[in-house]
1. Just want the answer: with Cβ charges of +1 for Lys and Arg and -1 for Asp and Glu, which residue in TRP81, PHE64, PRO93 is farthest toward the dipole's positive end in region 38-113?
2. From largest to smallest, what semi-axes in whole angstrom does region 34-166 give when each is the square root of 5 times an eigenvalue of its alpha carbon gyration tensor?
3. For every other residue with a beta carbon closer than 9 angstrom to the beta carbon of LYS38, add +1 if it is Lys or Arg and -1 if Asp or Glu, then tell me the sum.
4. Can you list the residues of region 123-161 with backbone N under 12 Å from a point 7 Å past the Cα of ALA178, pointing along Cα to Cβ?
5. With 24 Å as the limit, write out which pairs from LYS47/LYS89; LYS38/LYS142; LYS59/LYS142 have Cα-Cα distances beyond it, or answer none.
6. May I ask for the net charge around VAL152, where only other residues with Cβ less than 14 Å from the Cβ of VAL152 are counted and Lys, Arg are +1 while Asp, Glu are -1?
7. If you add up the charges near PRO69, with Lys and Arg at +1 and Asp and Glu at -1, over every other residue whose beta carbon is less than 9 angstrom from its beta carbon, what do you get?
Amino acid sequence: MNVSRTFLAGGIALSSVVLLSGTAFAHVSVQPQGEAAKGGYATVNIKVPNERDNASTVKLEVNFPLDHPLASVMPQPVPGWKAEVTKSKLDKPLELHGKKINEAVSKVTWTADGSKIGPGQFQQFPLSLGRLPEDTDELVLKAIQTYDNKEVVRWIEEQKEGAEEPENPAPVLKLSAASEDHHGGAAPSASAETDEKAGHDDKTAGHQETASASSTTDTTARVLGVIGILAGVAGVAFGVLAGRRRSA
């Protein structure tokens, strides 16, 4: 009986951990592809998991902060979904590539158009963002998820320092330090330089081996030539001696 109770308690504890873990990782989130550097450009994925067992996600709305505006937000086409970009006027114009921009993207909405996110599934919605602000370490992208049973989940709660994670946290894009080229590109790695040097060394060694082989071939040809000449001379001498013996 004690053994059965132990197994039962362990099973309940394990189920609780699994359920809590699933809940913790089932938030709408934003994930950069590579680096999202201040002042640069980045491609990010809005990851949307379906949290319901009896409903499918059919709409997603992602809002962009106008206190740190982005001049360019371009959605990548996703099969089965229709994307709509909404812009709003800015109180303070942005300057980008020498031009003043009076409006910025405030919202992108994806609506199911022949597809949906079913139970136990997730969908990623890629976005190209730029130019990223330089006066903040993060962008809070509040999201609203709508299910086909009319349920709406608002992922809009901001994380407060020192507090526990809210029930419906807003997706947050962390920005890294500005890069020199403002494009978020990484510098060549030491391993790449090493590989390049190794390739150069291999080519040099290959040339040396080729030159060595060529030299060896030339030497062999010369030796054979000398041997041929000596053989010819020996043949002529033998012929002369044979002729003299016959005459005698």
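Read-outs throughout are calculated quantities, based only on the coordinates presented, and are distinct from any laboratory measurement. Since the structure is predicted, the reported quantities are computational estimates derived from the model, not experimental observations. Don't worry about glycine lacking a Cβ; one is built from the backbone with ideal geometry, like all the others, and counts go over all protein chains shown.
1. So the residue we want is PRO93.
2. After scaling each eigenvalue by five and taking roots: 28, 18, 13 Å.
3. Taking every Cβ under 9 Å from that of LYS38, the sum is -3.
4. 132-136
5. In this structure, LYS47/LYS89 exceed 24 Å between Cα atoms.
6. Net local charge, VAL152 excluded: +1.
7. Once positives and negatives cancel, what remains is -1.
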